[in-house]
Amino acid sequence: MKNPVFTGVCTALVTPFRDGQIHIPTLHLLLDQQMEAQIPAVVIAGTTGEAPTLSDAEKLRLFAAAKQHTGCRMKVIAGTGSNDTAHAVFLSRAAQDAGADALLVVSPYYNKATPDGIIAHYKVIAKAVDIPVIVYNVPSRTGLDIPISVYQALSKIKNIAGVKEASSDIRKILNIRAACGGNFPIWSGNDDMTVPILSLGGQGVISVLSNVVPKRMQEMTNAALSGDFKAAAAVQTQLLPLSQILFSEVNPIPVKAAMKQIGFDCGECRLPLTALSPEKQQQLSDCLRQLTDESPQK
(Lines give C-alpha, C1' and ligand atoms only; values in the text may rest on other atoms or scores of the structure.)
Protein backbone atom coordinates (compact mmCIF):
# COMPACT_ATOMS: atom_id res chain seq x y z
CA MET A 1 0.00 0.00 0.00
CA LYS A 2 1.33 3.42 -0.92
CA ASN A 3 1.43 5.75 2.05
CA PRO A 4 -1.36 8.29 1.54
CA VAL A 5 -0.33 11.92 1.24
CA PHE A 6 -2.95 12.64 3.90
CA THR A 7 -5.90 10.97 5.57
CA GLY A 8 -9.12 12.73 6.54
CA VAL A 9 -9.79 16.23 5.27
CA CYS A 10 -7.82 18.29 2.79
CA THR A 11 -9.39 21.70 2.18
CA ALA A 12 -9.53 22.97 -1.38
CA LEU A 13 -8.80 26.51 -0.24
CA VAL A 14 -10.41 29.58 -1.76
CA THR A 15 -8.06 32.24 -3.09
CA PRO A 16 -8.57 35.56 -1.29
CA PHE A 17 -8.56 38.74 -3.36
CA ARG A 18 -8.51 42.40 -2.36
CA ASP A 19 -9.11 44.94 -5.13
CA GLY A 20 -8.67 42.11 -7.61
CA GLN A 21 -5.24 41.09 -6.34
CA ILE A 22 -4.18 38.16 -4.16
CA HIS A 23 -4.34 39.17 -0.49
CA ILE A 24 -1.70 37.26 1.48
CA PRO A 25 -2.79 38.46 4.97
CA THR A 26 -6.22 36.90 4.40
CA LEU A 27 -4.56 33.74 3.06
CA HIS A 28 -2.75 33.51 6.39
CA LEU A 29 -6.04 33.87 8.28
CA LEU A 30 -7.60 31.09 6.22
CA LEU A 31 -4.64 28.81 6.85
CA ASP A 32 -4.77 29.59 10.58
CA GLN A 33 -8.45 28.60 10.61
CA GLN A 34 -7.58 25.29 8.98
CA MET A 35 -4.67 24.55 11.30
CA GLU A 36 -6.78 25.39 14.35
CA ALA A 37 -9.23 22.72 13.17
CA GLN A 38 -6.29 20.32 12.76
CA ILE A 39 -6.88 19.89 9.05
CA PRO A 40 -3.81 18.00 7.76
CA ALA A 41 -3.59 19.44 4.24
CA VAL A 42 -4.79 22.13 1.87
CA VAL A 43 -4.94 22.36 -1.90
CA ILE A 44 -3.75 25.73 -3.17
CA ALA A 45 -4.83 26.96 -6.62
CA GLY A 46 -7.28 24.18 -7.32
CA THR A 47 -10.73 24.60 -8.84
CA THR A 48 -12.04 26.21 -5.64
CA GLY A 49 -8.98 28.47 -5.68
CA GLU A 50 -9.93 29.81 -9.13
CA ALA A 51 -6.90 28.29 -10.84
CA PRO A 52 -8.09 29.11 -14.39
CA THR A 53 -7.85 32.86 -13.72
CA LEU A 54 -4.57 32.79 -11.79
CA SER A 55 -1.33 33.56 -13.60
CA ASP A 56 1.65 31.26 -13.13
CA ALA A 57 3.34 33.94 -11.04
CA GLU A 58 0.28 34.23 -8.79
CA LYS A 59 0.12 30.46 -8.31
CA LEU A 60 3.77 30.26 -7.36
CA ARG A 61 3.36 33.17 -4.97
CA LEU A 62 0.45 31.37 -3.31
CA PHE A 63 2.35 28.07 -3.05
CA ALA A 64 5.37 29.73 -1.44
CA ALA A 65 3.31 31.90 0.90
CA ALA A 66 1.20 28.96 2.06
CA LYS A 67 4.19 26.75 2.77
CA GLN A 68 6.15 29.51 4.48
CA HIS A 69 3.19 30.18 6.78
CA THR A 70 2.32 26.58 7.61
CA GLY A 71 5.77 25.01 7.72
CA CYS A 72 5.57 21.40 8.87
CA ARG A 73 2.18 21.90 10.54
CA MET A 74 0.19 21.24 7.36
CA LYS A 75 0.84 19.75 3.94
CA VAL A 76 0.50 22.10 1.00
CA ILE A 77 -0.73 20.43 -2.18
CA ALA A 78 -0.25 22.58 -5.26
CA GLY A 79 -2.71 22.58 -8.12
CA THR A 80 -0.48 22.35 -11.19
CA GLY A 81 -2.72 20.71 -13.77
CA SER A 82 -2.89 21.85 -17.38
CA ASN A 83 -4.07 20.49 -20.70
CA ASP A 84 -0.57 21.29 -21.99
CA THR A 85 1.83 18.66 -20.62
CA ALA A 86 4.87 20.91 -20.93
CA HIS A 87 3.10 23.66 -18.99
CA ALA A 88 2.07 21.18 -16.27
CA VAL A 89 5.70 20.05 -16.00
CA PHE A 90 6.88 23.65 -15.64
CA LEU A 91 4.32 24.44 -12.93
CA SER A 92 4.96 21.18 -11.11
CA ARG A 93 8.70 21.71 -10.96
CA ALA A 94 8.23 25.32 -9.86
CA ALA A 95 5.72 24.26 -7.19
CA GLN A 96 8.18 21.71 -5.85
CA ASP A 97 10.86 24.42 -5.72
CA ALA A 98 8.39 26.67 -3.86
CA GLY A 99 8.06 24.04 -1.14
CA ALA A 100 4.89 22.15 -2.09
CA ASP A 101 4.57 18.76 -0.41
CA ALA A 102 2.54 17.21 -3.24
CA LEU A 103 0.75 18.09 -6.47
CA LEU A 104 -2.87 17.84 -7.59
CA VAL A 105 -2.95 17.40 -11.36
CA VAL A 106 -6.25 17.44 -13.23
CA SER A 107 -6.59 15.29 -16.34
CA PRO A 108 -6.23 17.10 -19.68
CA TYR A 109 -9.36 19.11 -20.48
CA TYR A 110 -10.81 20.48 -23.73
CA ASN A 111 -8.28 18.75 -25.96
CA LYS A 112 -8.87 15.60 -23.82
CA ALA A 113 -6.68 12.59 -24.66
CA THR A 114 -6.79 8.88 -25.39
CA PRO A 115 -6.09 6.49 -22.49
CA ASP A 116 -2.51 6.17 -23.75
CA GLY A 117 -2.24 9.95 -23.89
CA ILE A 118 -3.48 10.35 -20.30
CA ILE A 119 -0.96 7.78 -19.08
CA ALA A 120 1.85 9.48 -20.98
CA HIS A 121 0.80 12.90 -19.63
CA TYR A 122 1.01 11.76 -16.01
CA LYS A 123 4.18 9.74 -16.53
CA VAL A 124 6.02 12.78 -17.89
CA ILE A 125 4.85 14.98 -15.00
CA ALA A 126 5.65 12.37 -12.35
CA LYS A 127 9.12 11.83 -13.80
CA ALA A 128 9.83 15.58 -13.69
CA VAL A 129 9.37 15.87 -9.90
CA ASP A 130 10.29 14.05 -6.71
CA ILE A 131 7.10 14.76 -4.74
CA PRO A 132 3.80 12.83 -4.89
CA VAL A 133 1.36 13.49 -7.72
CA ILE A 134 -2.37 13.08 -7.06
CA VAL A 135 -4.49 12.47 -10.16
CA TYR A 136 -7.69 14.53 -10.33
CA ASN A 137 -10.64 13.06 -12.20
CA VAL A 138 -13.54 15.52 -12.59
CA PRO A 139 -15.49 14.67 -15.76
CA SER A 140 -18.05 17.45 -15.26
CA ARG A 141 -15.28 19.98 -15.89
CA THR A 142 -12.84 18.14 -18.16
CA GLY A 143 -15.30 16.33 -20.41
CA LEU A 144 -13.34 13.11 -19.88
CA ASP A 145 -13.76 10.32 -17.33
CA ILE A 146 -10.45 8.57 -16.70
CA PRO A 147 -10.83 4.83 -17.45
CA ILE A 148 -9.98 2.15 -14.89
CA SER A 149 -7.24 0.84 -17.17
CA VAL A 150 -5.44 4.17 -16.82
CA TYR A 151 -5.58 3.93 -13.02
CA GLN A 152 -4.10 0.43 -13.23
CA ALA A 153 -1.16 1.73 -15.24
CA LEU A 154 -0.64 4.83 -13.09
CA SER A 155 -0.78 2.86 -9.83
CA LYS A 156 2.52 1.22 -10.81
CA ILE A 157 4.35 4.57 -10.92
CA LYS A 158 6.16 5.22 -7.65
CA ASN A 159 5.18 8.85 -7.05
CA ILE A 160 1.67 8.71 -8.51
CA ALA A 161 -0.01 8.90 -5.13
CA GLY A 162 -3.64 8.12 -5.92
CA VAL A 163 -6.70 9.92 -7.19
CA LYS A 164 -9.13 12.62 -6.22
CA GLU A 165 -12.20 10.96 -7.70
CA ALA A 166 -15.07 13.32 -8.55
CA SER A 167 -16.94 11.23 -11.09
CA SER A 168 -19.96 10.88 -8.73
CA ASP A 169 -20.07 7.16 -9.60
CA ILE A 170 -19.83 5.07 -6.44
CA ARG A 171 -19.43 1.92 -8.54
CA LYS A 172 -16.23 3.36 -9.95
CA ILE A 173 -14.70 3.40 -6.47
CA LEU A 174 -15.27 -0.34 -6.25
CA ASN A 175 -13.80 -0.84 -9.72
CA ILE A 176 -10.68 1.15 -8.84
CA ARG A 177 -10.25 -0.88 -5.67
CA ALA A 178 -10.69 -4.14 -7.58
CA ALA A 179 -8.26 -3.13 -10.34
CA CYS A 180 -5.55 -1.49 -8.23
CA GLY A 181 -5.95 -3.21 -4.88
CA GLY A 182 -4.61 -1.15 -2.01
CA ASN A 183 -1.86 0.42 -4.10
CA PHE A 184 -3.84 3.44 -5.27
CA PRO A 185 -5.29 5.67 -2.51
CA ILE A 186 -8.66 7.24 -3.29
CA TRP A 187 -9.94 10.56 -1.99
CA SER A 188 -13.49 11.77 -2.51
CA GLY A 189 -13.74 14.81 -4.76
CA ASN A 190 -17.37 15.36 -3.79
CA ASP A 191 -18.28 16.44 -0.27
CA ASP A 192 -21.63 14.66 -0.34
CA MET A 193 -20.01 11.31 -1.20
CA THR A 194 -17.33 11.38 1.48
CA VAL A 195 -18.76 8.83 3.91
CA PRO A 196 -19.76 6.32 1.20
CA ILE A 197 -16.28 6.49 -0.32
CA LEU A 198 -14.62 6.13 3.08
CA SER A 199 -16.78 3.07 3.71
CA LEU A 200 -15.21 1.53 0.60
CA GLY A 201 -11.66 2.15 1.75
CA GLY A 202 -11.16 5.76 0.71
CA GLN A 203 -8.57 7.83 2.55
CA GLY A 204 -10.57 11.03 2.94
CA VAL A 205 -11.89 14.00 1.00
CA ILE A 206 -10.56 17.04 -0.80
CA SER A 207 -13.29 19.34 0.38
CA VAL A 208 -15.01 22.61 -0.42
CA LEU A 209 -17.21 22.50 2.70
CA SER A 210 -14.20 22.47 5.01
CA ASN A 211 -13.49 26.08 4.05
CA VAL A 212 -16.64 26.88 6.02
CA VAL A 213 -16.94 24.07 8.59
CA PRO A 214 -13.49 22.50 8.93
CA LYS A 215 -14.11 21.10 12.43
CA ARG A 216 -17.35 19.39 11.38
CA MET A 217 -15.69 17.85 8.32
CA GLN A 218 -12.80 16.66 10.46
CA GLU A 219 -15.27 15.16 12.95
CA MET A 220 -17.06 13.33 10.14
CA THR A 221 -13.95 11.83 8.54
CA ASN A 222 -12.41 10.91 11.90
CA ALA A 223 -15.56 8.98 12.79
CA ALA A 224 -15.59 7.15 9.47
CA LEU A 225 -11.89 6.33 9.55
CA SER A 226 -12.32 4.88 13.03
CA GLY A 227 -15.21 2.69 11.79
CA ASP A 228 -18.08 4.65 13.36
CA PHE A 229 -20.08 5.07 10.19
CA LYS A 230 -23.30 5.78 12.07
CA ALA A 231 -21.78 8.91 13.60
CA ALA A 232 -20.13 9.87 10.32
CA ALA A 233 -23.39 9.49 8.42
CA ALA A 234 -25.16 11.68 10.97
CA VAL A 235 -22.71 14.52 10.34
CA GLN A 236 -22.86 13.97 6.56
CA THR A 237 -26.65 14.26 6.73
CA GLN A 238 -26.51 17.39 8.87
CA LEU A 239 -24.15 19.02 6.39
CA LEU A 240 -26.22 18.09 3.33
CA PRO A 241 -28.14 21.42 3.13
CA LEU A 242 -24.84 23.34 3.23
CA SER A 243 -23.40 21.08 0.54
CA GLN A 244 -26.45 21.67 -1.63
CA ILE A 245 -26.30 25.45 -1.34
CA LEU A 246 -22.54 25.56 -1.88
CA PHE A 247 -23.03 23.77 -5.19
CA SER A 248 -26.24 25.53 -6.22
CA GLU A 249 -24.14 27.76 -8.47
CA VAL A 250 -20.73 27.22 -10.02
CA ASN A 251 -18.03 26.58 -7.42
CA PRO A 252 -16.46 28.71 -5.92
CA ILE A 253 -19.16 31.40 -6.23
CA PRO A 254 -21.21 30.18 -3.23
CA VAL A 255 -18.29 29.24 -0.97
CA LYS A 256 -16.73 32.68 -1.38
CA ALA A 257 -20.04 34.22 -0.32
CA ALA A 258 -20.16 31.82 2.64
CA MET A 259 -16.66 32.79 3.73
CA LYS A 260 -17.67 36.44 3.84
CA GLN A 261 -20.75 35.60 5.88
CA ILE A 262 -18.68 33.76 8.50
CA GLY A 263 -16.16 36.59 8.79
CA PHE A 264 -13.50 35.91 6.13
CA ASP A 265 -13.83 38.47 3.36
CA CYS A 266 -12.07 36.80 0.43
CA GLY A 267 -13.32 39.21 -2.18
CA GLU A 268 -15.31 38.46 -5.29
CA CYS A 269 -14.56 35.76 -7.81
CA ARG A 270 -12.71 36.81 -10.91
CA LEU A 271 -14.65 37.02 -14.15
CA PRO A 272 -16.18 35.15 -15.83
CA LEU A 273 -17.52 34.04 -12.42
CA THR A 274 -19.89 36.55 -10.86
CA ALA A 275 -21.41 37.20 -7.43
CA LEU A 276 -23.97 34.94 -5.78
CA SER A 277 -27.54 36.04 -6.42
CA PRO A 278 -29.38 37.86 -3.58
CA GLU A 279 -31.87 34.99 -3.33
CA LYS A 280 -29.09 32.44 -2.91
CA GLN A 281 -27.31 34.76 -0.46
CA GLN A 282 -30.38 34.64 1.78
CA GLN A 283 -30.67 30.86 1.45
CA LEU A 284 -27.01 30.56 2.37
CA SER A 285 -27.45 32.82 5.39
CA ASP A 286 -30.43 30.79 6.59
CA CYS A 287 -28.50 27.54 6.14
CA LEU A 288 -25.47 28.79 8.05
CA ARG A 289 -27.65 30.11 10.87
CA GLN A 290 -29.45 26.79 11.21
CA LEU A 291 -26.19 24.85 11.11
CA THR A 292 -24.72 27.06 13.84
CA ASP A 293 -27.81 26.54 16.00
CA GLU A 294 -27.59 22.76 15.57
CA SER A 295 -23.82 22.41 15.93
CA PRO A 296 -22.45 20.97 19.16
CA GLN A 297 -19.42 23.22 18.64
CA LYS A 298 -21.35 26.50 18.88
Testing residue 267 on (1) on the phi > 0 side of the Ramachandran plot; (2) without any contact (Cβ under 8 Å) to a residue 40 or more places away in the chain, one condition comes back false. Which one is that?
(2)
Among 67, 59, 2, 75, which is over 22 Å from residue 246 (Cα atoms), within 15 Å of the chain's Cα centre (by Cα) and charged (D, E, K, R)?
75
Wholly within the stretch 144-227, which helices (runs of 4 or more DSSP H) include no fewer than the required count, namely at least 2 residues that are farther than 29 Å from residue 96 by Cβ?
170-180, 194-199, 214-225
Just the residues that are under 21 Å from the mean Cα position of the chain (by Cα) and of a type in the set (A, V, I, L, M, F, W, C), please, taken from the stretch 107-147.
118, 125, 126, 129, 131, 133, 134, 135, 138, 144, 146
Going by the structure shown, is residue 138 under 20 Å from residue 171 (Cβ atoms), touching a residue at least 60 places away in the same chain (Cβ under 8 Å) and open to solvent by less than 40 Å² (accessible area, probe 1.4 Å)?
yes
Across the stretch 141-180, which residue is least open to solvent (accessible area, probe 1.4 Å) among those that are over 19 Å from residue 197 (Cα atoms) and of a type in the set (Lys, Arg)?
141
The condition from (1) in contact (Cβ under 8 Å) with a residue 40 or more places away in the chain; (2) open to solvent by 40 Å² or more (accessible area, probe 1.4 Å); (3) closer than 25 Å to residue 45 by Cα that residue 225 misses is numbered (3)
Residue match in the stretch 285-292 (condition: of a type in the set (Ser, Thr, Tyr) and modelled with pLDDT of 95 or more):
yes
Conditions (1) of a type in the set (D, E, K, R); (2) within 18 Å of the chain's Cα centre (by Cα); (3) more than 25 Å from residue 54 (Cα to Cα); number of the one not met by residue 286:
(2)
Among the residues of the stretch 228-250, count how many are assigned to a helix (DSSP H, G or I) and charged (D, E, K, R).
1
What's the number of the condition residue 72 fails, among (1) more than 25 Å from residue 7 (Cα to Cα); (2) without any contact (Cβ under 8 Å) to a residue 24 or more places away in the chain?
(1)
Filtering the stretch 260-292 down to residues that are of a type outside the set (S, T, N, Q), out of contact with any Phe, Trp or Tyr (no Cβ under 9 Å at 6 or more places or on another chain) and closer than 22 Å to residue 138 by Cβ, which residue is least open to solvent (accessible area, probe 1.4 Å)?
276
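The values are calculated or read from the model by the stated rules, or taken from the named source; none is laboratory data. Since the model is a prediction, treat every value here as computed from it, not as a measurement. Ideal geometry is used to build each Cβ from the backbone, glycine not excepted, and the neighbour counts take in all protein chains shown. Note: areas computed on protein heavy atoms with side chains; ligands, DNA, RNA excluded. Shrake-Rupley method; radii C 1.70, N 1.55, O 1.52, S 1.80 Å.
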